[in-house]
1. Kindly indicate whether any position in the stretch 588-603 is out of contact with any helix residue (DSSP H, G or I) (no Cβ under 8 Å at 6 or more places or on another chain), surrounded by fewer than 24 Cβ atoms within 10 Å (Cβ to Cβ), in the same structural domain as residue 453 (by TED's automatic domain parsing) and not in a helix (DSSP H, G or I).
2. For the stretch 716-732, does any single residue satisfy the condition of being outside any helix (DSSP H, G or I), loosely packed, with under 14 Cβ neighbours inside 10 Å, out of contact with any helix residue (DSSP H, G or I) (no Cβ under 8 Å at 6 or more places or on another chain) and in contact (Cβ under 8 Å) with a residue 40 or more places away in the chain?
3. Mind checking which residues of the stretch 719-735 are on the phi < 0 side of the Ramachandran plot and under 24 Å from the mean Cα position of the chain (by Cα)?
4. Do any strands (runs of 3 or more DSSP E) entirely within the stretch 818-884 hold 2 or more residues that are exposed (fewer than 15 other Cβ atoms within 10 Å of the Cβ), and if so, which?
5. Suppose we filter 752, 760, 738 for residues that are on the phi > 0 side of the Ramachandran plot, surrounded by fewer than 24 Cβ atoms within 10 Å (Cβ to Cβ) and not assigned by TED's automatic domain parsing to the domain that holds residue 508; which single one remains?
6. For the stretch 356-370, enumerate the residues that are assigned to a helix (DSSP H, G or I) and in contact with a strand residue (DSSP E or B) (Cβ under 9 Å, 6 or more places away or on another chain).
7. Considering only the stretch 389-401, state which residues are in contact (Cβ under 8 Å) with a residue 60 or more places away in the chain and under 25 Å from residue 589 (Cβ atoms).
8. Which of the residues belonging to the stretch 661-688 are assigned to a loop (DSSP other than H, G, I, E, B) and within 32 Å of the chain's Cα centre (by Cα)?
């Protein structure tokens, strides 16, 4: 470390007398405005990384001084180079990342450079959790059948992953059927403080992951967040993750969870409140007596949904409960002792109380005021109190689309429509999917046990779920089914149709599987506003199922309750779920489990022997994985495949970056509104033969039944670029309204005044060497950290995206792919500028010299020959992002560094 900084190396001792070294942060007190102990705990952990990795080149003494001198309300102009300890991937984002690494090796091999120079420099874990779909449900063999389908569909992808395991050092794969990446990370991959082999210098666990819900690990005092695969690759290859010094919002929790409420009710309340507090891009740190009262799994539920409230992180400091969780989940005692001793030595052990830490601002939330809640029907921040569900659904039913409503006439609200299924008719608000799914809640034993107890009570009263409702149980790890079985709760869940469907991210990611043809036909024929209820974190339009338009997030016990009721158009606080065998009405309060019953079953979920057994051997019950042959060699030979293809991002690569110039004579590809998510942009879920991607697969000889999902084909750019901006619910406002006055939905645009697909128009623009621009409103790119939202944008020839504001990850990913993110100045929008489909555009100021957040000029050429110039803010935010953009993106930048 540079001599100008204080000496920080010191020793710490564990309870058993073992010693280790650390970088003592209190030694930096002289550098800041006050003691380091006044900094938010999450910033102190980042500071430790900056100190430890300070080499005078990538990370300098000035970086240390800047972060040590953090001021709560200062202007944020400085960037932090943050070197993480490890990287976590899920398979949907991990496969394209592996494709990029393999392509880099192909480039190195072509240029007669050693292929092994392309190698992860930090440990990388890929958890295969996004590929299982709920094709089969409600039967005891559903898990086995769904896994057979999963391996049949994904064999080529899994062969490629196995090649990666043998080709790259430090690259591990957790096979299918083990669990959801975030729960596996919480229960297994995290081991406390870390050290290099043979070195007694210990440092805290930090990471980035290629899923926005990587933040679940914040519950254990780990600094980490979701990034796109683009940034993750750079982190794997030794690059720091660069972020602007953040504001840190302190959230003081007071009180305690009331009887009858759950951690899900708490997180939906936190999400609603923090969205209103506008914490986008901030670090959020929880403190106070209410925070200290929460279990680690309750904290994990809140941390998981940081992307939904817009924060970079939802961080919980380390305390006794953290160490207790480590012990109860089977961590080695030496790891537990070392973890506690390190944080005590740093003065970072314990949940801060009010006034002990300086925050940019403080938000207070009273746990005592919580009530049972859901969120929906289209966004996770739109919370609805349980007694208001009927009123809210009925108001949304008639509300216009601009108000997130369904724009239906009130006269049809209570209509019932026939189907071709025996004894099944449909009405608006009918529940067709009820799913206990997603890392958010399946990692929390309290809410999972509550669901089992509610099911047990319902079965005892003779209640049942209608068989056409697609019910599923998809836990985040095998531990869940172990404790539910031992607590006697797996059977009553199965009796209500919630049989085990898979261990993975199913309904929440869009892997709910299809409805029956009869239900799909009836929904389409009568325009039924059908519903899903799921214990997930995402409910964006068309994400759960393209034909289900009302999607509500709820706790696992409420998922079971709404499945029993069969409709969301009900007030469960006053109306019965059904009738028992004696014809007596059964209300939710009659079967809702009490906290005493839940606490009595919790010890089944806190058995360290179970955790050690289930995580010690991944070969158990995963024969399908073991049977897949693994290709060998350091360089992939790219066999013909519709799943895996060599990406085009390095076509024509050489060691000299191409020149970067202004954009001239561009056309608008899409004109979009507010809150366009990465689900709208990036291909996700199922798709039909009529789509450009479906047509390409048909031409390649693939049957419709073998299309699989967009997510499973993320390793093939031909499919993914055709699916970009092709979501069935995206609204390109360039298109005129239809004959009913409604906006046309789907991946369409105008080319020379004629409606066509976005892919077709983009292809024609690229063939004519015409650059294109996407215009959008507020919060562009919210949602999952999908690198294909940026990769697909690039491959469609889009040179710039101009929006009123960007979500953090997508803005970064656009820069990482060499697409220019630009922001309208306050009070300006594409609507106020009257931008239309026939206008042409120049973007000037790039060629004169790029700088972070500089002002560029948009010149609009109107069809009447007039022009208008408006300033735009470049959202290339940091100096290193300028370098990435000049190199055509982060991947060419890193590759040139390695090969040089």
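The values are calculated or read from the model by the stated rules, or taken from the named source; none is laboratory data. Values in this document were obtained by computation on a predicted structure and should not be read as measured data. Positions of Cβ are generated from backbone atoms using ideal geometry, with glycine treated the same way; all protein chains shown enter the neighbour counts.
1. yes
2. Checked the stretch 716-732: no residue is outside any helix (DSSP H, G or I), loosely packed, with under 14 Cβ neighbours inside 10 Å, out of contact with any helix residue (DSSP H, G or I) (no Cβ under 8 Å at 6 or more places or on another chain) and in contact (Cβ under 8 Å) with a residue 40 or more places away in the chain.
3. 719, 720, 721, 722, 723, 724, 726, 727, 728, 729, 730, 731
4. 855-861, 867-874
5. None of the others qualify; the one that does is 752.
6. 367, 368
7. Scanning the stretch 389-401 gives 389, 390, 391, 393, 394.
8. Correct list: 672, 673, 674, 675, 676, 682, 683, 684, 685, 686, 687, 688.
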